[in-house]
Amino acid sequence: MSSSNYIRNVAIVGAGGQQGKHIVAQLLKTGKHKVTAITRQDSNSPIADGVELAKVNYDNHESLVAAMKGQDALIITMNVMAPPDQQSKLVKAAADAGVPWILPNEYGDNTDDEASKDILIGIAKGKLRREIGSLGKSSWIGIACGFWYEYSLPGGALRFGFDFDNKTVAFYGDGDVPIDVSTWEYVGVAVAKLLSLPVSAQHELCLDHYRNKFVHINAFTVNQRQMLDSVLRVTGDKENDWKITHLDAKKQHEEGHAMLKSGNRLGFVQLMYSRAFYPDDSGRHALRHGSDNEKMGLPKFDLDANTKLGLYLKAQGKLN
């Protein structure tokens with residue numbers, strides 16, 4: 001573990017995943033961090049050059065502790081459907097290894113908010129953060145970034161309402177409800193900037209400012225109408241090439257709960273996305289809590305470029 005006032009050694013779970021690989025790339029780009037990927041023993045996920053590899057057995061606590069010895073920070077990125085006890089095993093091992101900072105698997109809304117209770121994941125994530133606190137060895141920082149735009153836009157009608165194969169879009173209401181969103185790259189940049197801050201400082205931004213709190217970032221604030229306008233600019237389509245329908249967000253949310261209760265896991269997607277489009281600013285974490293974009297010196301991202309990227313990823317089958 002580094003004895004300086006800066007984070008040097010960073011372990012990451014999910015380094016080969018969609019979000020993880022962007023975090024790794026941006027950490028390496030700083031030239032300030034030694035990055036270790038923690039992976040299962042049977043994992044064949046590709047890992048970027050310059051990253052050390054630590055293979056672990058999740059059922060062996062000592063295996064996890066050994067992989068985290070000497071680390072200044074642990075970043076967890078994993079599928080929302082991962083085994084529920086997996087993060088708990090990681091944070092217990094981090095505590096025993098003396099890892100002072102943990103970025104848990106947040107990457108969405110501020111899950112302390114009421115709306116997160118409506119989408120079922122807020123309670124479990126809050127429980128994990130309390131576990132980190134009760135272990136008494138690590139502090140956590142949550143990344144509240146909103147949905148990933150380049151994933152959600154082309155990811156099917158249950159997400160942002162767009163069906164690109166059939167050129168239909170379902171607006172919640174009139175499509176004018178704004179939400180705060182980010183991209184995988186944007187989150188990667190934010191995490192790298194965050195972990196490049198001094199741990200403590202009197203007159204400048206530092207990690208202590210975010211200790212056991214959320215960082216609130218967003219690449220864009222955008223509504224569905226603006227998304228469609230971006231699609232039209234990028235593709236050259238005309239609006240009359242698309243069929244626009246209108247949905248009630250609350251009804252879709254309730255229907256999503258019913259779908260999930262009946263065993264249809266797509267109901268989770270529907271209830272999660274529709275809840276963000278309630279006309280109560282529930283999808284505006286950066287508005288409700290204050291944006292950290294400027295404080296952290298985050299760059300401006302281009303909406304159309306990321307619309308184009310999303311369509312490219314869809315065409316290449318890289319969204320799964």
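Here the condition is being free of Cβ contacts under 8 Å to residues at least 12 places away in the same chain, within 18 Å of Tyr149 (Cβ to Cβ) and among the hydrophobic types (A, V, I, L, M, F, W, C); of Leu232, Leu287, Leu228, it holds for Leu232 alone. When each of Asn166, Asn223 is tested for being of a type outside the set (Val, Ile, Thr), touching a Pro at 6+ places or on another chain (Cβ under 6 Å), surrounded by fewer than 22 Cβ atoms within 10 Å (Cβ to Cβ) and under 30 Å from Gly267 (Cβ atoms), the lone residue that passes is Asn223.
The set of residues in segment 94-153 that are assigned to a strand (DSSP E or B) and at pLDDT 95 or above comprises Trp101, Ile102, Leu103, Ser139, Trp140, Ile141, Gly142, Ile143, Ala144, Phe147, Trp148.
Residue check: Asn218 meets all listed conditions (1) surrounded by fewer than 22 Cβ atoms within 10 Å (Cβ to Cβ); (2) in a loop (DSSP other than H, G, I, E, B); (3) not small (Gly, Ala, Ser) but one, namely (1). When Ala15 is tested against (1) under 21 Å from the mean Cα position of the chain (by Cα); (2) over 22 Å from Trp148 (Cα atoms); (3) of a type in the set (A, V, I, L, M), only condition (2) is not met.
Is it the case that some residue within segment 303-310 is among the basic types (Lys, Arg), within 18 Å of the chain's Cα centre (by Cα) and within 30 Å of Gly236 (Cβ to Cβ)? Looking for residues that are among the basic types (Lys, Arg), within 18 Å of the chain's Cα centre (by Cα) and within 30 Å of Gly236 (Cβ to Cβ), one finds none in segment 303-310, hence no. Scanning segment 186-212 for residues that are crowded, with 17+ Cβ neighbours inside 10 Å and either of a type outside the set (A, V, I, L, M) or assigned to a strand (DSSP E or B) (or both) gives Tyr186, Gly188, Lys193, Ser196, Tyr210.
Does segment 12-48 hold any residues that are part of a helix (DSSP H, G or I) and buried (at least 17 other Cβ atoms within 10 Å of the Cβ), and which are they?
Taking segment 12-48 first, the residues part of a helix (DSSP H, G or I) are 18-30.
Correct list: Gln18, Gln19, Gly20, Lys21, His22, Ile23, Val24, Ala25, Gln26, Leu27, Leu28.
The values are calculated or read from the model by the stated rules, or taken from the named source; none is laboratory data. Keep in mind that what you see is a predicted model, and the values were worked out from it rather than measured. Please note: Cβ atoms are built from the backbone with ideal geometry, for glycine as well, and neighbour counts cover all protein chains shown.
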